[in-house]
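Taking it in order: structure first as C-alpha cells, then the write-up.
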Amino acid sequence: MIKVLIFIALVFALGFGFAWLADMPGDVAVTVGDQLIHVSLMVAAVGVVSIVAAIMLTWWIIRVVFTSPERLNRFFRARKRDRGYQSLSTGIIAAGSGDPATSRRMLKQAGGLLNETTEPLIQLLDAQTTLLEGKHGDARQKFEAMLEDPELRLLGLRGLYMEAQRLGDREAQKHYAEKAAELGPQLIWAGKAAIDLKTASGDWDGAIRLLEKQKAAKHVAREDADRKRAVLLTALAMDNAESDPAKSKQAALEAHRLAPGFAPAAVTAAEAAFRLNEMRRGVKVLETCWRKAPHPDVALAYVNARPGDSALDRLKRARRLEAIKPNTTESSLIVAQMALEAGEFEQARKSVAAVLRNQPRESAFMLMADIEDAETGDQGKVREWLSRAVRAARDPAWTADGIVAEKWSPFSPVTGRIDAFEWKVPVERTGALIENDLDPMVPGTPADAGPSVDAEETVVPALPVVDAQPEPQADAAPVKTIGEPVDLAARVEAAREERTRAAGDASDETPAADTETAPESTGMDEDRGTEDKAKPAPAIEMAAAAAASAAMANGKAGANDPARAQAGTSQPPAEPAPAAPAADPPAKPADKPDVGVKADADTGEQAPLKPPIPDDPGVEDGEPDKPRRFRLF
C-alpha cells in the first residue's frame with residue numbers, strides 16, 4: 001500500500017512539473033557550431049528526458065548481451081537444483097513411510113542433481129535408506145563417517161546411539177549419549193538417555209549432577225526435575241542404608257521433602273532414622289506420607305517401628321493410622337491384619353467387612369480366609385473365601401512396562417527409563433467385580449463341632465406323574481435313594497406283579513374276533529403291546545428298572561415256545577421260576593447312570609454305548625446362524 005502511494009505521488013509530481021514548464025514563458029537557446037537553436041522550456045525538458053531514457057535502454061541492451069551466457073547457466077543450475085530438492089524431498093518422505101525402493105530411486109536422482117559434499121540431507125537419506133534395507137553394518141559406517149563433519153556430528157551420534165540401543169549395548173549407548181549431551185546441551189534425548197543409562201549403571205551422583213545441568217538450562221520442567229531428583233536420592237539412600245545410615249537418612253529426607261507422598265522415600269528415611277535411634281523423626285516422616293498417600297509399605301513400616309513391640313502395641317499403631325486417614329482401604333486392611341495377629345477376631349472381621357463393602361479385592365478375601373482359619377478352622381468357609389479371592393480384582397502393585405515387581409525400583413528393567421514404576425493395579429489380569437453374599441461377621445462352624453441336622457442327607461421325593469411319560473428303558477440303571485438300603489428281590493417281585501396285572505387287564509378288553517384272526521405273536525410282542533397300553537408310573541418305572549433285563553429274557557422264551565404262540569394275546573404270559581436271591585450289588589448314585597454298556601434287545605449281548613455328543617452351548621436349537629465378523633480357526 002505504501003508503494004502504491006509513493007507511485008501516485010511521483011506521477012503527480014511529474015505531471016505538476018510538466019504543467020508548470022508548459023505555463024512558464026521563455027525559451028532555451030542552444031548553439032551548435034555556427035547554428036543557434038531556440039526551443040521552448042517544455043520542448044527542452046522533453047528532449048532531456050528522452051535522451052536519458054535512450055541512454056539507459058542502450059546500456060541495458062549491451063549488459064544483457066554480454067551477461068546472457070551466465071544468466072542461462074544460472075537458470076539451468078537453478079532448475080537442476082529444484083529438481084534435485086524435489087527428488088530429495090520425495091525420498092525423505094518415502095524413507096519416513098518405510099518405502100526403501102522409492103527412497104533409493106529418489107536418492108540416486110538427487111545424487112545426480114545435487115552435490116553430495118554441499119548437501120548433508122543426501123547423506124541422511126542414504127543412511128535412512130540403508131537402515132530400511134536392513135543393512136545395519138553399512139548404516140553404522142555411514143553414521144561413523146558423519147562424525148568427521150562438524151555439521152553432521154550430532155546426527156551421526158544420534159544414529160549410532162539408536163543402533164546401540166537396538167543391539168542392547170548399554171556401554172555404547174552411554175558413550176554416545178554422553179558425547180551428544182556434551183556437544184549439544186540443548187538435546188533433550190541425549191540428556192534423558194544419559195540420565196537413564198547412569199541410573200541403570202548405579203551412578204546416582206552422576207545422574208543427579210546431569211539432572212541439575214538440565215534443570216539449570218531449563219530443558220526439564222521444575223516439577224519433573226524435582227520428581228526425578230527425589231527418585232535418584234531415594235535410590236542413593238537405599239544403596240547406603242547398611243553402609244552409611246547417616247548419608248542414607250540425609251538423602252532420603254531430601255527426597256521426602258521434594259516428594260512428600262512418595263512412599264519409597266518415606267520408608268527409606270524412616271528406616272534410616274530408626275537405625276540411628278531417631279524414633280520420633282521416622283514416625284513423623286511416615287505419618288506425613290500417610291496423610292498424602294496411604295500405602296501398605298508405609299503402614300507396615302509404621303506398625304513395626306519397634307521390633308520388640310507386642311501384637312497389641314502394633315494394633316494400637318494401626319488404629320492410629322486409621323485415625324489419621326479414616327475410611328480408606330489401606331487403613332482398614334492394616335487394622336484387620338494387626339487385629340488378626342493380636343487375636344481380636346471381631347475387630348478384624350469389622351475392618352475386612354468395611355473393605356468388602358467399599359472396594360472388594362484379592363487381599364481382603366485372602367485376609368478373611370486367614371481370619372476364618374484362625375478363629376473357627378471351618379475349612380469349608382476358608383475354601384469359599386479363597387475361591388472368591390481368585391475371582392476378585394487384584395491389589396495394586398509396583399508396575400512398569402508390563403512388569404510387576406514386589407519391590408520398588410528407580411528404573412524399568414525393560415527400557416531403563418527412570419521413575420517408571422507406578423503403584424497401580426496391574427493390567428495383565430483384570431478381576432471381575434463379584435458380589436459378596438457371605439457375611440464376614442458370621443463365623444463358620446468350629447472344626448470340633450458335630451454334624452448339623454441340615455447336613456444330613458434326605459430322601460429325594462419322586463417326581464409327579466405327567467401326561468407325556470417316556471417309555472421304560474431296558475438299560476437304565478437302578479436308582480438308589482440316598483440313605484436307604486436297596487431290596488432288589490422285593491422290587492423284582494413287585495415289578496412282576498404289576499406287569500402280570502396290566503397284561504390281564506389288556507387281555508380282558510380284547511374282542512374274541514380279534515383274537516381268532518390275530519396273527520401269531522411272540523412273548524416279546526405281548527410284552528411290548530402291554531407296555532404300550534398300560535404304562536407304569538415313573539416311580540414304578542424307576543423301581544422296575546433293575547428287573548427289565550429279566551422280563552425281556554422271559555419274553556424271548558415265550559417267543560420260542562410254540563404252545564404259548566398259539567394261545568395269542570388272550571392268555572397272559574407264564575411267570576418264570578423265581579431266581580435265587582443274590583447279594584445286593586453296590587448301587588450307583590442316581591446322578592451318575594451307567595452309560596458304559598447297553599443291552600441289545602434282540603441278542604441280549606452287552607454292546608458298548610458311545611457317549612452322547614454335547615450340543616453347542618452357545619447356540620440354542622432352532623436359532624439361526626449369525627454371521628461372524630472374523631473367521632475363527
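Averaged per residue, region 135-199 has 54 square angstrom of accessible surface, using a 1.4 angstrom probe with ligands and nucleic acids left out.
What the Cα convex hull of region 163-310 gives, in volume per residue, is 126 Å³.
Accessible area per residue was computed with a 1.4 Å probe on protein heavy atoms; SER201 scores about 70 Å².
Taking all protein chains together and rolling a 1.4 Å probe, ASP378 ends up with roughly 30 Å² accessible. Here region 290-393 is treated with +1 on each Lys and Arg Cβ and -1 on each Asp and Glu Cβ, and its dipole about the Cα centre works out to around 540 debye.
Taking the Cα centre of region 249-307 as origin and assigning +1 to Lys and Arg Cβ atoms and -1 to Asp and Glu Cβ atoms, the resulting dipole is close to 180 debye. What part of the accessible area of region 83-132, given as a whole %, is carbon or sulfur when the probe is 1.4 angstrom? Carbon with sulfur: 54 percent of the solvent-accessible area. Can you list the HN-Hα couplings for region 62-75, worked out from phi with the Karplus curve (6.51, -1.76, 1.60; θ = phi - 60°), rounded to whole Hz and with x for Gly and Pro? Per-residue couplings from phi come out as 4, 5, 5, 5, 7, 9, 5, x, 5, 5, 5, 5, 5, 5 Hz. Residue by residue, region 35-40 carries 3J(HN,Hα) couplings of 9, 10, 10, 10, 9, 6 Hz when phi is fed to the Karplus relation 6.51 cos²θ - 1.76 cosθ + 1.60 (θ = phi - 60°); x denotes Gly or Pro. If you count only protein heavy atoms and use a 1.4 Å probe, how large is the accessible surface of TYR85, to the nearest 10 Å²? The value for TYR85 is about 90 Å².
Given +1 at the Cβ of Lys and Arg, -1 at the Cβ of Asp and Glu and no other charges, the dipole of region 83-132 around its Cα centre is 160 debye to the nearest 20. Count Lys and Arg as plus one, Asp and Glu as minus one, and take only other residues whose Cβ is under 15 Å from that of ARG319; the net charge is then -2. Pairs from the table (LYS174/LYS213; LYS213/LYS292; LYS179/LYS407; LYS381/LYS407) lying more than 26 angstrom apart at Cα are LYS213/LYS292; LYS179/LYS407; LYS381/LYS407. Heavy-atom accessible area, probed at 1.4 angstrom with all protein chains present, ranks VAL355, VAL28 as VAL28, VAL355, highest first.
The values are calculated or read from the model by the stated rules, or taken from the named source; none is laboratory data. All values derive from a computational prediction rather than experimental measurement. Because the Cβ atoms are built from the backbone with ideal geometry, glycine has one as well, and the counts that use them run over all protein chains shown. The accessibility values were calculated without ligands, DNA or RNA, using every heavy atom of the protein model including side chains. Shrake-Rupley method; radii C 1.70, N 1.55, O 1.52, S 1.80 Å.
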